[in-house]
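So the structure is just underneath, and the comments pick up after that.
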Amino acid sequence: MTAVAGLGGVAEAVFANTTLPSAWDLSTEIVVAGSGPAGMGAAVTAIDNNAKVLIFEKGKNYGGCGVISAGILKLEGGTRSQKAAGIQDSVEQYYKRLTNPNEDLSRAERMGNQELLAKKVEHTAAFEDWAINHGVKFRPGLTTAGVDSQHPGMWHHVWWKDGGEGRNMIPPNKDGYVTCAGLMLPLKEYFESKGGRIYLEHKVTSVIKDANGRVIGVEVLSPNGKILKVLATKGVVLAGGGFRGNVPMRMLFDARMTKNMIATGEPFVFQDGSAIKVGVKAGGFMVRDGNRPHSNFRRKFGTIHYNFPLNSPYGAPGLDVAGNRWNQIIFTNKNGDRFVQEVDKWDLGTGYNFYDLALAQPDQLIWTIFDDATAKKYRWSTKPPVCEEGLAFDANTLDELGKLTNQPNLAQTVERYNNFVDTKADSDFGRPAATMTKKIEKAPFHAVRCVLAVHNISAGLAINGDGQVIDIDLQPIPGLYAAGESAGGIGGGVTGSMIVGQIAAEHLTNN
Ligand SMILES: Cc1cc2nc3c(=O)[nH]c(=O)nc-3n(C[C@H](O)[C@H](O)[C@H](O)COP(=O)(O)OP(=O)(O)OC[C@H]3O[C@@H](n4cnc5c(N)ncnc54)[C@H](O)[C@@H]3O)c2cc1C
């Protein structure tokens, strides 16, 4: 880091006829906005290519959603772990699977930015080795596709020695945890060991351009309220994640994403869309992802916080209500009426999925109803620290539970459902007989809120195949790049975000 007065060290000609800061507070070659996977992919690649890099992170915490995410990474194309598991794959086969509907109709990458996709495929196949070379460890073994309705791909498992207080992790076994902290923390250590610096609680609010329209710096809001002017002689990477925490902005893309929904990652990370706004103000525009044009939702039970572990300072974990456990519950809406067949499959065979139906209910308020036999069977506690206050209720009768949760029709709904279990025929929603294994009959009865969450909006700044932000004439804005969930057109996820960050930094440092 060098504090510079005036324009020392920068070609004067670049600044001809332009209104530039009379003094720069900080100077570097590359500024990265955001310390999540996209930002770290860009920052580490840039520093490996001998660039000087500063990261500005608006939050109190390092690592964005990446450091609290589950550490199951979708990698294909002939990775080290695939080879170890005896899975034959290659860059060519992987690319074909993504782009040829005859290979796999569910992979819609053929609709995304194709130049970027080709680079992404190569980087994905090389990612595990890249990560290992930067101090990351993987646990042996892969999760194959279809483990549940939320994870259709093949997943590699990142290892880390401890779970940490706020991290989403797969529980320990004798050799540690599966958490993405195992990716993000070694990368931070590597980056800082090479002289990189991360400023927490520093928010990038706009870019500074020279007279030729080239981005040569940023304005940064510092914790004491001062706006810092930061020179970035090579360019700026916007890696501030998406905008799922910004209710009006997210509703532009899907009007169902009202304030009733939570945003995953909060309160550890607040995805306010500010980095995207910086890009739009600089002349960029937003596009949806070609490969995933719909928004991506999640659900939690008894908590308004997504996937934090027990006793986390960021929220309660709630109940694990997934897969075959749905055989023992029903969902009701605000009125106490059922609205869906309770089958934990992505495709309900009706043209709609669970979220389509849940989001159409009054106030998008959903309850999960079960009896005490089920609660005991799965060791579901409706009390803190497992569930949060006001999101889980118990009562000795269904009438009482209905009153407690303001569901006027609850008792009669359960009675009707119990009759369906007897006759093995759900004449309301066609729930398959095999999934109606249990009546809801043993007191006390329980009602736990099923809270709907926005997980990914699949839209962001339009970028080209090098990660450059493009303007409305589809021309790159010189010096400005976007990656991860701040970028549109190609999708996010931990590795997807990090890899576009790598691609942007390669272009930035090679040009
Ligand atoms: C709980 C959870 C579990 C997940 N599990 C997985 C998983 O197992 N596998 C997987 O592939 N994906 C997973 N994901 C998704 C994955 O974490 C995201 O797709 C990924 O983190 C996106 O990376 P990003 O860098 O684009 O954004 P983020 O991770 O959101 O990071 C962006 C960072 O930029 C900061 N920022 C924003 N605006 C500014 C600004 N103006 N100036 C400075 N800083 C700014 C933010 O505070 C944030 O720290 C999970 C997500 C969550 C929330």
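The values are calculated or read from the model by the stated rules, or taken from the named source; none is laboratory data. In this text, all values refer to a predicted model and were calculated from it rather than measured experimentally. For neighbour counting, all protein chains shown are included, and Cβ atoms are generated from backbone atoms with ideal geometry for every residue, glycine included.
So is LEU452 away from the ligand (no atom under 13 Å from the Cβ), crowded, with 23+ Cβ neighbours inside 10 Å and at pLDDT 95 or above or not?
Yes: the conditions hold for LEU452.
Quick check on region 311-331. Is at least one of its residues under 17 Å from GLU485 (Cα atoms) and buried (at least 22 other Cβ atoms within 10 Å of the Cβ)?
Start the filter on region 311-331 by keeping residues that are under 17 Å from GLU485 (Cα atoms), which leaves none.
There is no residue in region 311-331 that is under 17 Å from GLU485 (Cα atoms) and buried (at least 22 other Cβ atoms within 10 Å of the Cβ).
Go through GLY467, GLY484, GLY479 for me and flag whichever is more than 24 Å from the chain's Cα centre (by Cα), at positive phi and at pLDDT 95 or above.
On the way: GLY467 fails: more than 24 Å from the chain's Cα centre (by Cα); GLY484 fails: more than 24 Å from the chain's Cα centre (by Cα).
Of GLY467, GLY484, GLY479, the one residue that is more than 24 Å from the chain's Cα centre (by Cα), at positive phi and at pLDDT 95 or above is GLY479.
Kindly indicate which of LEU142, LEU116 is touching a residue at least 12 places away in the same chain (Cβ under 8 Å), within 16 Å of the ligand (Cβ to nearest atom) and part of a helix (DSSP H, G or I).
LEU116
Within the group ILE276, ILE304, which residue is touching a residue at least 40 places away in the same chain (Cβ under 8 Å), in a helix (DSSP H, G or I) and closer than 29 Å to THR179 by Cα? Show your work before the answer.
Working: ILE304 fails: in a helix (DSSP H, G or I).
Testing whether each residue is touching a residue at least 40 places away in the same chain (Cβ under 8 Å), in a helix (DSSP H, G or I) and closer than 29 Å to THR179 by Cα leaves just ILE276.
To keep it simple, each residue is scored yes or no on (1) over 30 Å from GLY163 (Cβ atoms); (2) crowded, with 22+ Cβ neighbours inside 10 Å.
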residue	(1), (2)
ALA46	yes, yes
PHE56	no, yes
CYS65	no, yes
GLY71	no, yes
SER90	yes, no
LEU105	yes, no
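Does GLY351 satisfy being within 16 Å of the ligand (Cβ to nearest atom) and assigned to a loop (DSSP other than H, G, I, E, B)?
Here the answer is no, as GLY351 does not meet what is asked.
Can you go through ILE477, ILE499 and tell me which one is more than 16 Å from the ligand (Cβ to nearest atom) and crowded, with 22+ Cβ neighbours inside 10 Å?
Sole residue among the options that is more than 16 Å from the ligand (Cβ to nearest atom) and crowded, with 22+ Cβ neighbours inside 10 Å: ILE477.
Does THR374 satisfy the condition of being assigned to a helix (DSSP H, G or I) and buried (at least 17 other Cβ atoms within 10 Å of the Cβ)?
Spelling it out, THR374 is indeed assigned to a helix (DSSP H, G or I) and buried (at least 17 other Cβ atoms within 10 Å of the Cβ).
Which one is farthest from the ligand (Cβ to nearest atom), of the residues in region 186-212 that are more than 23 Å from the chain's Cα centre (by Cα) and among the basic types (Lys, Arg)?
LYS194
Just the residues that are more than 16 Å from the ligand (Cβ to nearest atom) and either under 15 Å from CYS180 (Cβ atoms) or among the β-branched types (Val, Ile, Thr) (or both), please, taken from region 32-50.
Of everything in region 32-50, just one residue is more than 16 Å from the ligand (Cβ to nearest atom) and either under 15 Å from CYS180 (Cβ atoms) or among the β-branched types (Val, Ile, Thr) (or both), namely ILE47.
Are any residues in region 71-89 of a type outside the set (A, V, I, L, M) and more than 8 Å from the ligand (Cβ to nearest atom), and if so, which ones?
Residues satisfying the conditions are GLU76, GLY77, GLY78, THR79, ARG80, SER81, GLN82, LYS83, GLY86, GLN88, ASP89.
Looking at the structure I just gave you, is ASP104 touching a Lys or Arg at 6+ places or on another chain (Cβ under 9 Å), away from the ligand (no atom under 16 Å from the Cβ) and without any contact (Cβ under 8 Å) to a residue 12 or more places away in the chain?
yes
Being within 37 Å of the chain's Cα centre (by Cα) and in a loop (DSSP other than H, G, I, E, B) is the filter here, so list the residues in region 387-397 that pass it.
Once the filter is applied, which keeps residues that are within 37 Å of the chain's Cα centre (by Cα) and in a loop (DSSP other than H, G, I, E, B), region 387-397 yields CYS387, GLU388, GLU389, GLY390, LEU391.
Here are the criteria: (1) in contact with a Phe, Trp or Tyr (Cβ under 8 Å, 6 or more places away or on another chain); (2) surrounded by 18 or more Cβ atoms within 10 Å (Cβ to Cβ); (3) over 30 Å from ALA316 (Cα atoms); (4) of a type outside the set (A, V, I, L, M, F, W, C). Tell me which single one TYR417 does not satisfy.
(1)
Of VAL158, VAL215, which residue is more than 21 Å from the chain's Cα centre (by Cα), in contact (Cβ under 8 Å) with a residue 40 or more places away in the chain and within 15 Å of the ligand (Cβ to nearest atom)?
Checking each option against the conditions leaves just VAL215.
Scan (1) in a loop (DSSP other than H, G, I, E, B); (2) under 16 Å from ALA462 (Cα atoms); (3) at pLDDT 95 or above for the single condition PRO293 breaks and write down its number.
All conditions are met except number (3).
Just wondering, is there one or more residues in region 342-355 that are touching a strand residue (DSSP E or B) at 6+ places or on another chain (Cβ under 9 Å) and aliphatic (A, V, I, L, M)?
No, because not a single residue in region 342-355 is touching a strand residue (DSSP E or B) at 6+ places or on another chain (Cβ under 9 Å) and aliphatic (A, V, I, L, M).
Would you check which residues across region 51-70 are within 6 Å of the ligand (Cβ to nearest atom) and within 15 Å of ALA38 (Cα to Cα) and list them?
Result: PHE56, GLU57, LYS58, GLY64, CYS65, GLY66, ILE68, SER69.
From the set of residues in region 385-414 that are of a type in the set (Gly, Ala, Ser) and more than 30 Å from SER312 (Cα to Cα), which is surrounded by the fewest Cβ atoms within 10 Å (Cβ to Cβ)?
ALA411
Within region 71-113, which residues are in a helix (DSSP H, G or I), over 24 Å from GLY36 (Cα atoms), touching a helix residue (DSSP H, G or I) at 6+ places or on another chain (Cβ under 6 Å) and of a type in the set (D, E, K, R)?
Within region 71-113, ARG80, ARG110 meet the criteria.
Checking the condition of a type in the set (A, V, I, L, M, F, W, C), touching an Asp or Glu at 6+ places or on another chain (Cβ under 9 Å) and within 16 Å of the ligand (Cβ to nearest atom), which residue from ALA433, ALA483, ALA443, ALA462 passes?
Working: ALA433 fails: within 16 Å of the ligand (Cβ to nearest atom); ALA483 fails: touching an Asp or Glu at 6+ places or on another chain (Cβ under 9 Å); ALA443 fails: within 16 Å of the ligand (Cβ to nearest atom).
ALA462 is the lone residue from the list that is of a type in the set (A, V, I, L, M, F, W, C), touching an Asp or Glu at 6+ places or on another chain (Cβ under 9 Å) and within 16 Å of the ligand (Cβ to nearest atom).
Taking the condition of being buried (at least 24 other Cβ atoms within 10 Å of the Cβ) and within 12 Å of the ligand (Cβ to nearest atom), how many residues in region 231-255 meet it?
Within region 231-255, residues that are buried (at least 24 other Cβ atoms within 10 Å of the Cβ) and within 12 Å of the ligand (Cβ to nearest atom) number 9.
Conditions: (1) more than 18 Å from THR435 (Cβ to Cβ); (2) in contact with a Gly (Cβ under 6 Å, 6 or more places away or on another chain). LYS334 meets all but one. Number of the miss?
Every condition holds for LYS334 apart from (2).
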